[in-house]
Structure formats: C-alpha cells, structure tokens
Number of protein chains: 2
Amino acid sequence: MNTYLQAGLDALGDATRMAIFQRLAAGPLAVNQLARAMPVSRPAVSQHLKVLKDAGLVRDSRQGTRRLYRLDPEGVARLRAHFDQMWTRAMGAFQQAAEKPEEENRHGKRRGRGSRQEERSRKRVH
Amino acid sequence: MNTYLQAGLDALGDATRMAIFQRLAAGPLAVNQLARAMPVSRPAVSQHLKVLKDAGLVRDSRQGTRRLYRLDPEGVARLRAHFDQMWTRAMGAFQQAAEKPEEENRHGKRRGRGSRQEERSRKRVH
DNA sequence: CACTTACGTAAGTAAGAACTAACCGACTGG
DNA sequence: CCAGTCGGTTAGTTCTTACTTACGTAAGTG
C-alpha cells in the first residue's frame with residue numbers, strides 16, 4: 001500500500017492534528033502560538049507537528065529562538081494527488097465490477113484456521 | 001470541524017480498514033471472504049466494517065445467510081467532496097497568507113497557564 | 001556570562017483502539 | 001427439525017497513542 005497516503009491519512013485522521021493543520025493554513029505560526037490557541041500543552045503540539053512533518057505536510061524554519069511552522073505545499077499537493085488517484089482507482093474498479101456481476105460468490109476452498117496470509121505491514125511504527 | 005471528513009479520514013487512516021476498502025473496490029465481498037484474505041480474524045473484520053459503514057463508506061446487503069459488503073458510491077463521493085473542499089480552502093488561505101506576510105509575529109499577550117480554551121470535542125467515543 | 005524565551009525530547013500514564021475467543025441468533029439444506 | 005454456515009456482539013487482553021510533567025539545549029538579551 002502507498003505509504004505516503006497512509007501516513008497522510010493517519011496524520012490528518014487525528015482531530016488535534018487536523019486543527020493544527022487548519023491553523024497553519026492561515027499562515028506560519030510558532031509552536032507557542034499554536035499551543036496557546038489550543039486545548040493541549042505545548043509539548044503535545046510539538047509531537048503532533050513532528051507527525052505532520054514526517055508525513056510531509058508541514059515544514060519548519062528557525063526564526064531566532066522560535067521555530068515557525070508552515071504548510072508544505074509540495075507535500076500537500078503530493079498527498080492530494082495520491083488521494084485523488086486512490087479515489088479514482090477505487091471507484092473505477094467499483095463501477096467496472098458493478099456492471100458485470102460475473103461469476104462472483106463461489107465458496108472458495110477452506111484453509112486451515114491458523115494460516116493467515118501476507119502478514120500485512122502494520123502501520124504500528126510509533 | 002466537519003464530522004464527515006474527520007470520520008472518513010479516521011476510518012481510512014487505519015491500514016487494515018484501508019485494505020478492506022481497497023478489496024471492496026474490486027467487487028462486493030462477504031465477511032468471510034475478506035477475513036480469509038487478511039491477517040486478522042473475522043470478528044476484527046466485522047468491527048472494521050462497522051466503522052467503515054458508520055463513516056458511510058460501505059453498505060451491506062443480506063444475501064441468504066451471508067452478508068455482502070460493497071462500497072457506497074454516495075458516501076465515497078461525499079467524503080471526496082469534503083476532502084477536496086478542505087484542500088482547496090487550506091491551500092487557498094495558505095497562498096493568500098504567503099503573498100502578504102503582513103504584521104505577523106507579534107508576541108501576543110500571555111494567558112494564565114491553566115486556562116485552555118474551547119474544550120475541543122475529542123474523537124474518543126468508542 | 002547569567003537570564004529568559006522557545007523548543008524538542010524523555011519518561012510515565014491513562015484512555016482507547018485493535019484483536020481474539022466465545023457465544024448467540026438467523027438462515028439453509030438435507 | 002437438525003446440523004452446519006455466516007456473521008454480529010461481548011468480554012477481556014494487549015498494544016498504541018495522545019497527553020502531561022520534567023529536563024536539556026540553542027539562541028537572543030541585558
């Protein structure tokens with residue numbers, strides 16, 4: 001699965017981070033400014049910013065002792081592109097499948113209870 | 001903040017649910033079929049399906065004893081619309097802010113340490 | 001060179017998300 | 001009916017995560 005997409009969705013899936021993201025859309029802000037406008041502590045904001053940064057959605061720049069965060073247009077655009085592509089693919093396949101019901105619903109052979117397949121890479125990375 | 005958007009992002013933010021979503025894009029599937037193709041148990045799939053359903057991304061229909069799940073084009077379209085709108089707004093505001101640096105970076109008055117504002121509604125609802 | 005401001009990060013905690021096992025109702029076919 | 005299939009739900013466990021407090025550090029200031 002596309003990692004950028006998953007990371008981006010995960011990042012924006014949290015309400016607090018989404019709020020931060022929105023705030024930053026209005027213009028660059030320092031961590032303190034963000035924290036003061038939100039119901040969580042400054043360190044919490046820092047941590048969220050790190051996630052957003054790792055997802056490529058924001059960038060930071062030192063400004064004297066403070067650190068200004070702003071959206072990263074490139075990252076945002078990229079995520080948006082991946083997202084659009086995902087939608088398009090999914091809905092395309094869906095409509096195609098809808099038009100020709102075909103030979104769906106075969107029972108498919110059983111498999112031993114304990115044998116799961118393709119150990120999907122958990123998003124769990126912390 | 002828009003609830004549909006947040007719920008949708010949260011739903012697709014999980015890798016397992018995203019995988020389920022993708023599978024369903026290829027055509028309707030029963031819970032068992034999904035579970036067999038994935039590294040998690042059937043109940044887990046059921047629970048994820050519930051989340052996706054609550055987010056309006058999938059629909060289910062009884063088919064004898066089984067229950068077929070498929071994407072919900074309406075819900076998907078709606079989420080996509082909200083998403084696009086969000087992007088557009090955010091990037092619009094961002095560019096506008098970028099063009100006129102204005103009188104940013106005023107220190108802003110302090111506020112008593114303990115007073116946080118607008119107890120943002122946590123997504124925690126279980 | 002203290003002193004202050006602004007952050008990041010570590011450590012610890014508590015809420016809750018994801019998962020499994022077990023149970024139970026609904027439907028199907030002999 | 002009765003046995004078997006299918007899937008939702010509950011209870012309980014484990015693993016994450018979002019958060020806070022405490023501490024360490026870099027950069028301006030008097």
The correct pair for the range B:3-74, radius of gyration to one decimal and Dmax as a whole number, both in Å and from Cα atoms, is 11.3, 34
Accessible area that becomes buried as A packs against B, both chains, 1.4 Å probe, Å², nearest 100:
5100
Mind listing the long-range amide H neighbours of A:Ala30? Cut-off is under 5 Å, sequence gap 5 or more, other chains count too, H placed in the peptide plane at 1.01 Å from N.
A:Tyr69
Cβ neighbours within 10 Å, averaged per peptide: list A:48-59, B:85-96 in order, most packed at the top.
A:48-59, B:85-96
Using only the Cα atoms of the range B:45-87, build the gyration tensor, take square roots of its eigenvalues as a ≥ b ≥ c, and label the shape rounded, prolate or oblate: rounded if a/c is under 1.5, else prolate if a/b is larger than b/c, else oblate.
prolate
Taking every residue of A:7-14, the Cβ atoms of other protein chains inside 10 Å of its Cβ average out to 6
Residue-by-residue Karplus 3J(HN,Hα) for the range B:83-90, coefficients 6.51, -1.76, 1.60, Hz, glycine and proline x
4, 4, 4, 4, 3, 4, 4, 4
Mind listing the label-point distances from A:Asp84 to the same position on all other copies, shortest first, one decimal in nm, points 7 Å along Cα→Cβ?
0.9
For the range A:2-106, dividing by residue count, accessible area per residue (probe 1.4 Å) in Å² works out to 49
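The values are calculated or read from the model by the stated rules, or taken from the named source; none is laboratory data. As the structure is a prediction and not an experimental result, all values here were calculated from the model. Cβ atoms come from the backbone with ideal geometry, glycine included; neighbour counts cover every protein chain shown. With ligands, DNA and RNA removed, areas are computed over all heavy atoms of the protein, side chains included. Shrake-Rupley method; radii C 1.70, N 1.55, O 1.52, S 1.80 Å.
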